[in-house]
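A short worksheet on the structure shown next.
The values are calculated or read from the model by the stated rules, or taken from the named source; none is laboratory data. Remember, it's a predicted structure, so these values are computed and weren't measured experimentally. Counting neighbours? That spans all protein chains shown, and the Cβs are built from the backbone with ideal geometry, glycine included. Please note that ligands, DNA and RNA were not included when accessible areas were found on the heavy atoms of the full protein model with its side chains. Shrake-Rupley method; radii C 1.70, N 1.55, O 1.52, S 1.80 Å.
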Amino acid sequence: MRQRTYNDPLHREICLEQNAPCETMVMELVDTAPFQRLRRIRQLGPAFLTFHGAESSRFTHSLGVFHLARRAFKRMVEQAPELEPHRAVLYAAALLHDLGHGPLSHTGEEMFGLRHESWSARIIRDHTEIRECLEKERAGTADSVADLLEHGISPHPVIQRLVSSQLDCDRLDYLLRDSYSTGTRYGQLDLDRILGALTLAPDGDIAIHPKGLMAVEHYLVVRNLMYRSVYNHRLNVVCNWLLERLVQLVRDLGPKQVWADEVMAQWLWDADQINLDLFLANDDVRTGYHLQRWKEGGPSAVAELSARFLDRNLLKATAVDHLSRENQLKSLAIATRLAESQGHEPRNSCGLRHQQIRGYHPYRGGLRLWDGANLQALEQASPLVESLTQPAATSWLIHPGDISAELRQTMALEWTTRSNWTA
């Protein structure tokens, strides 16, 4: 087989050539068991309960990130031929950056308390099949890729920026892909214009040509909108809180009261000792099976939370970011009292969730404009981008649906004037 083609809904044909050594390496990496596992990890975690089309996988996304990294590298290597020796590290890092995701992607990180970057690096360093693919390309490649993903240590700043920055190939792919799969229209980007505007600054780092300014501004606005409308959607907030509470409850009850197979038992009650095989054995399929078993035969509180998730009988979320922290806590106390009066266990049905969104962070791989004569920070050149540097906070009061009307009424009575309500 001299060529392999993946038909992608976004990028169309992603073709790999066997006579290109780095692309042969990519084909071999795709065929490994750890990478195939990504087919069983949902890209958007529990967002499918809100957006019914959100069923794409980390496998599909990872291929897309590689494809965009290859396109961006072609653009950069034309300007800086000295980048060529780093092609394999870039291709591998782009492809394998999500290798360490647990069940339900980012939700799994919160549920189980893990960091996917660290696990990606560990798999790359220690999994025989992955390491052999990388070392066959060039000795030291595996450690270079792992260091890049875990610590941001890169053989060249351009490689690091393409893998992780304010405008990296990961973000470009997931905004396009998640918009497509959720059916939202916010994630439409001028991808060709953005990639065509990539240039090399005098310091050897990446920059944006001014001709791409509007496309990059649009990208940053899109990113902000996607976080507000999709990633931080109130039902995603509820699902994340519910699943975290469920895992904590199971951990508190212990293995004598809650059934789990050998793999899940290790994840739940001895997480510090998870080895590589046990980590890779958990995915959305295994976790979903445990939720089903717990729904059918677990302790009552565990069964209730499992059923809420599986049957989409979700808790409600009321925005309280307009309240002071003191009044948010008072609202939680009101919800707790009302939930208890209706027979709910407050610890498993009431909570507060705080989030902060920043559309652009100038100090974390901040973008720059370079026109061949002047180098300028993006937020200095664009009032629109400068406005996105201001953080926006959201706070949600989570509670059972059957107390919603009484909760709103009680809160309205508690804060009778607008000045108190918005304090």
Query - Members of the stretch 378-423 that are modelled with pLDDT under 95, of a type in the set (V, I, T) and not in a helix (DSSP H, G or I) - result: T389, T394, T416, T417, T422
Query raised in the report: In the list F73, F59, which residue meets the criterion of being crowded, with 22+ Cβ neighbours inside 10 Å, in contact with a helix residue (DSSP H, G or I) (Cβ under 9 Å, 6 or more places away or on another chain), of a type in the set (F, W, Y) and not in a loop (DSSP other than H, G, I, E, B)?
Result: F73
Requested in this report: Return yes when F66 is under 30 Å from I208 (Cα atoms) and among the aromatic types (F, W, Y) and no when it is not.
Outcome: yes
Query raised in the report: Before we move on, is D192 open to solvent by 30 Å² or more (accessible area, probe 1.4 Å) and either of a type in the set (K, R) or out of contact with any Asp or Glu (no Cβ under 9 Å at 6 or more places or on another chain) (or both)?
Result: yes
Report task. Look through V230, V216, V238 and report the one residue that is assigned to a helix (DSSP H, G or I) and under 13 Å from L167 (Cα atoms). Result -> V216
Report summary line: Those residues of the stretch 299-341 that are within 30 Å of the chain's Cα centre (by Cα) and more than 14 Å from H399 (Cα to Cα) come to a total of 15
Query raised in the report: Where in the stretch 145-196 are there helices (runs of 4 or more DSSP H), lying fully within it, with 2 or more residues that are among the polar types (S, T, N, Q), touching a residue at least 12 places away in the same chain (Cβ under 8 Å) and closer than 20 Å to D371 by Cα?
Result: none
Report summary line: If you go through N224, N240, the only one that is touching a strand residue (DSSP E or B) at 6+ places or on another chain (Cβ under 9 Å), open to solvent by less than 70 Å² (accessible area, probe 1.4 Å) and modelled with pLDDT under 95 is N224
Query raised in the report: Between a first residue in the stretch 380-406 that is among the acidic types (D, E) and a second residue that is surrounded by 14 or more Cβ atoms within 10 Å (Cβ to Cβ), which pairs have beta carbons less than 6 Å apart while being 6 or more apart in sequence or on different chains?
Result: E386/E379; E406/L338
